[in-house]
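Chemist: Dropping a structure here in structure tokens format, bear with me for questions.
The values are calculated or read from the model by the stated rules, or taken from the named source; none is laboratory data. Treat the numbers as computed from the prediction; the structure is a model and nothing was measured. Cβ placement follows ideal geometry from the backbone for every residue including glycine, while neighbour counts extend to all protein chains displayed. Surface accessibility is based on the protein's heavy atoms, side chains included, excluding ligands, DNA and RNA. Shrake-Rupley method; radii C 1.70, N 1.55, O 1.52, S 1.80 Å.
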Amino acid sequence: MTKPPLKFETDVQYLKGVGPRLGAILAKRDIRTVEDLLNYYPRAYEDRRAARNIGTLQANDIVSVKVNIVKVASIPMGRSKRRIYDILVRDQSGQIHCKFFRVPYKGYFERFTAHQEVRLVGKVVDYRGRLEFHHPDLRDIEPEEELKDDLIPIYPEIESLSSVKIARLIHQVLEQLPAEAWGIEKFSVSLLTSRALVSRQQALLKLHHPPVSEAASYHTEKSTSHRRIIFEEFFWLELYLAARKSGLKKEKGLPIENSGKKTQQLLESLPFQITGAQKRALAEIKSDLAKPHPMHRLVQGDVGSGKTLVALASAVTVSESGCQTCLMVPTEILAEQHFKNAQRMFSPLGLKVAILTGKSKTSERNELLAALGEGRIDLLIGTHAVIEEEVQFKKLALVIIDEQHRFGVRQRGILKDKGLSPHFLVMTATPIPRTLAMTVYGDLDVSVIDEMPPGRSPIQTRVIYESKRPEALKFLADQVAKGRQAYFVYPLVEESEKIDLKNAIDEYEKLKSEFPHISLGLLHGRMKSAEKDSVMDDFRSGKIQVLVSTTVIEVGVDVPNANLMVVEHAERFGLSQLHQLRGRVGRGVQKSFCVLILGRAVSEEARARTAFMEQTSDGFKIAEFDLELRGPGEFLGTRQSGLPGFRMANLVRDVQILQEARQAAFEILQTDPQLTKAENKALREELLESHGSAALAGIA
Ligand code: ADP
Ligand code: MG
């Protein structure tokens with residue numbers, strides 16, 4: 001009996017050598033069908049080209065070369081009992097060191113003697129400018145061994161399933177899969193040709209069995225096969241976002257149109273002129289608000305660029321049409337600050353502002369909710385508390401989320417469910433690089449505030465070590481003597497047994513005794529709201545000269561007279577966080593300073609990170625660098641759970657392809673808004689399959 005031929009949908013257990021046990025292991029990586037197996041990509045290639053020799057090695061190559069042992073050395077490490085083993089090997093073209101930081105097994109190094117010929121397999125590393133191998137595989141040469149010119153794919157192991165075994169399974173599939181089983185290409189010919197993409201079939205075939213002549217491009221993951229797969233990963237995401245975006249454009253909203261008299265009045269009441277960038281953002285918002293479908297706009301602007309004003313002016317525009325605005329912020333301190341600003345600006349216009357946080361008293365809260373329901377409040381400012389169920393508006397037309405990066409991506413959906421489809425405005429101080437913003441916020445329109453209010457002098461940043469701390473303190477005292485104010489930030493509130501960190505409370509006491517003539521305040525997350533408010537009020541009014549704080553002041557806080565930010569244990573903070581902290585100063589006309597103090601035993605990476613802060617104050621650059629350092633997952637943190645997992649694409653490395661994929665997806669939807677053309681039918685089906693019919697609402 002002949003077996004039916006393989007298909008993409010065939011269960012992997014149908015393959016020779018795969019039983020229920022192996023099937024279960026494969027399933028752990030979601031490999032259930034033949035297609036899943038083909039989509040399990042090699043993580044690297046072992047270069048077995050016969051021509052490889054020591055002289056041609058480059059960092060990060062994974063190679064297999066035939067070498068002779070020169071000598072085996074064991075080097076003691078410091079006073080500990082540990083040793084490094086160093087095997088020096090050579091061939092006609094040169095020599096290279098193989099380092100071992102642990103002993104693979106007892107007697108391992110005794111196996112090797114000078115002049116012995118071995119096969120060396122491993123990854124070339126660049127260690128302080130010198131190429132070497134770390135923990136390579138040293139194998140005996142098989143007597144009949146003959147080098148085949150080849151690139152061997154290396155797959156990520158799945159538990160006990162080795163790369164070699166996975167390779168064998170994939171090889172089996174490639175051999176047995178009939179041509180017609182490769183299914184249809186989902187990309188149209190015009191997409192393939194216009195974007196110079198190879199077919200999916202060709203990409204998969206070559207990824208699993210790359211041609212030796214293209215070795216370099218497979219090692220660097222820049223081959224045409226890689227390009228195709230990476231493009232495709234981005235493309236599906238962008239197509240989904242494009243479809244969502246056109247769906248959003250079809251929702252029914254509350255068009256806001258009015259003379260803008262009050263907004264004008266507000267702007268005239270300010271002690272300064274709005275910047276061109278603020279004006280542009282406001283004009284874009286105003287035009288969005290007037291449309292019959294809800295606005296979905298992101299305002300990106302570096303710390304201190306004046307986003308609050310844009311938010312408040314938009315709320316005034318909305319109130320002029322008799323509608324309400326809700327402004328959501330991540331911390332109570334920020335809510336309080338925005339509330340005070342808004343009150344000052346709104347009262348002269350006869351508009352009413354209210355604040356709601358988790359700490360609001362029940363009686364106040366009930367009264368507020370009633371007023372909100374009756375439409376007596378024009379702008380509600382608050383923390384998470386504003387998304388609770390009982391909070392009902394009479395006519396909510398605009399929702400603004402400040403410091404959006406502190407909330408999850410999903411958050412923006414929640415407020416929308418409050419009855420109508422309000423206009424939506426999110427503000428972020430760009431800790432998200434533009435490229436990443438395209439994927440995370442890909443369905444939003446973007447206004448960029450790329451101009452700082454005039455008269456700000458750049459912040460001078462210095463990184464110092466603990467030992468220089470007294471000098472920093474003296475500098476602080478000098479600034480205070482000149483009438484300025486300062487922040488002193490600590491990473492943690494309470495002493496942890498494990499980490500020996502200075503404790504904000506202790507330090508506050510210490511600083512107090514050190515500087516008896518300076519008025520100090522203490523602020524941390526465990527304090528009661530009323531206490532926090534009074535400390536912030538005193539700092540704002542200048543009664544407190546130096547504010548010792550945890551990172552509760554990280555976002556949004558605005559006290560223009562403060563011109564010095566000191567961050568203790570700066571190595572514990574991420575770059576974007578440091579940038580945010582530094583953004584608390586440089587808001588007034590005084591020259592501002594930021595001192596980053598490093599603790600002892602700081603890693604190389606932390607040093608590079610903080611040094612970068614000295615070089616630039618450009619939030620975009622800092623965000624890009626941060627993304628490079630930590631990668632998108634770490635960078636966005638768990639809060640941003642909306643990001644898809646890419647198998648091959650890398651948001652940092654493949655930005656160019658991301659942009660192309662985005663362009664292609666948006667172009668296709670523009671020329672064929674409902675994806676009804678024959679050539680786009682497969683795209684429509686794919687969207688439907690992976691995101692359900694909701695994804696198609698916009699293009700239906
Ligand atoms: P962010 O964009 O970080 O939220 P803020 O809205 O807190 O910045 O603004 C920072 C400071 O700049 C505030 O003190 C604000 O009053 C002031 N400001 C805003 N716009 C202007 C402007 N056009 N000219 C001068 N100062 C401005
Ligand atoms: Mg702000």
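Chemist: Scan the range 183-198 and report the pairs whose first residue is farther than 14 Å from Glu660 by Cβ and whose second residue is aromatic (Phe, Trp, Tyr) and surrounded by fewer than 17 Cβ atoms within 10 Å (Cβ to Cβ), with Cβ atoms within less than 7 Å and a gap of 6+ or a chain change.
Modeler: If the second residue must be aromatic (Phe, Trp, Tyr) and surrounded by fewer than 17 Cβ atoms within 10 Å (Cβ to Cβ), the pairs left are Gly183/Phe8.
Chemist: Taking the range 175-198 only, how many residues are surrounded by 15 or more Cβ atoms within 10 Å (Cβ to Cβ) and either in a helix (DSSP H, G or I) or of a type in the set (Gly, Ala, Ser) (or both)?
Modeler: Quick first cut of the range 175-198, residues surrounded by 15 or more Cβ atoms within 10 Å (Cβ to Cβ) only: 176-177, 181-182, 185-188, 191-192, 195, 197-198.
Still in the running and either in a helix (DSSP H, G or I) or of a type in the set (Gly, Ala, Ser) (or both): 176, 181-182, 188, 191-192.
Adding up the residues that qualify gives 6.
Chemist: For the range 295-303, state whether one or more residues are open to solvent by 30 Å² or more (accessible area, probe 1.4 Å), in the same structural domain as Gly442 (by TED's automatic domain parsing), more than 13 Å from ligand 1 (Cβ to nearest atom) and over 16 Å from Gly260 (Cβ atoms).
Modeler: Filtering the range 295-303 for residues open to solvent by 30 Å² or more (accessible area, probe 1.4 Å) gives none.
Checked against the condition, which is being open to solvent by 30 Å² or more (accessible area, probe 1.4 Å), in the same structural domain as Gly442 (by TED's automatic domain parsing), more than 13 Å from ligand 1 (Cβ to nearest atom) and over 16 Å from Gly260 (Cβ atoms), the range 295-303 yields no hits at all.
Chemist: Applying the selection to the range 153-174, what residues are under 34 Å from the mean Cα position of the chain (by Cα), without any contact (Cβ under 8 Å) to a residue 24 or more places away in the chain and open to solvent by 40 Å² or more (accessible area, probe 1.4 Å)?
Modeler: Glu157
Chemist: Being surrounded by fewer than 16 Cβ atoms within 10 Å (Cβ to Cβ) and touching a residue at least 60 places away in the same chain (Cβ under 8 Å): is that true of Arg600 here?
Modeler: Details: surrounded by fewer than 16 Cβ atoms within 10 Å (Cβ to Cβ): yes; touching a residue at least 60 places away in the same chain (Cβ under 8 Å): yes.
Taking the combined requirement at face value, the residue satisfies it.
Chemist: Under the condition of being of a type in the set (Val, Ile, Thr) and over 18 Å from Pro178 (Cα atoms), which residue from the range 1-27 is nearest to the chain's Cα centre (by Cα)? Give the steps one after another, and end with the answer.
Modeler: So the first thing to find is which residues in the range 1-27 are of a type in the set (Val, Ile, Thr), and the list is 2, 10, 12, 18, 25.
Still in the list and also over 18 Å from Pro178 (Cα atoms): 18, 25.
Details: Val18: 39, Ile25: 31 Å.
Result: Ile25.
Chemist: Shifting gears a bit: Which of the residues belonging to the range 380-406 are of a type in the set (A, V, I, L, M, F, W, C) and more than 16 Å from ligand 2 (Cβ to nearest atom)? Please lay out each step first, then the result.
Modeler: Just the residues of the range 380-406 that are of a type in the set (A, V, I, L, M, F, W, C), to begin with: 380-381, 385-387, 391, 393, 396-401.
Scanning the range 380-406 gives Leu380, Ala385, Val386, Ile387, Val391, Phe393, Leu396, Ala397, Leu398, Val399.
Chemist: Of all residues in the range 670-697, count the ones that are at pLDDT below 90 and at positive phi.
Modeler: Qualifying residue count, the range 670-697: 1.
Chemist: Answer yes if at least one residue in the range 524-535 is within 16 Å of ligand 2 (Cβ to nearest atom) and either of a type outside the set (Asp, Glu) or modelled with pLDDT under 85 (or both), and no otherwise. Break it down into steps so the answer makes sense when it comes.
Modeler: First, pick out the residues of the range 524-535 that are within 16 Å of ligand 2 (Cβ to nearest atom): none.
Scanning the range 524-535, I find no residue that is within 16 Å of ligand 2 (Cβ to nearest atom) and either of a type outside the set (Asp, Glu) or modelled with pLDDT under 85 (or both), so the answer is no.
Chemist: Name, by its number, the condition in (1) out of contact with any Phe, Trp or Tyr (no Cβ under 7 Å at 6 or more places or on another chain); (2) closer than 16 Å to Tyr490 by Cα that does not hold for Leu564.
Modeler: Unmet for Leu564, out of (1) out of contact with any Phe, Trp or Tyr (no Cβ under 7 Å at 6 or more places or on another chain); (2) closer than 16 Å to Tyr490 by Cα: (1).
Chemist: With respect to the numbered conditions (1) under 25 Å from Arg456 (Cβ atoms); (2) aliphatic (A, V, I, L, M); (3) away from ligand 1 (no atom under 16 Å from the Cβ), which one is the sole condition not fulfilled by Val535?
Modeler: Val535 satisfies every listed condition except (1).
Chemist: Residue check, Lys307 against (1) of a type in the set (Lys, Arg); (2) in contact (Cβ under 8 Å) with a residue 60 or more places away in the chain; (3) more than 14 Å from ligand 2 (Cβ to nearest atom), all met but one. Which one?
Modeler: So the condition that Lys307 fails would be (3).
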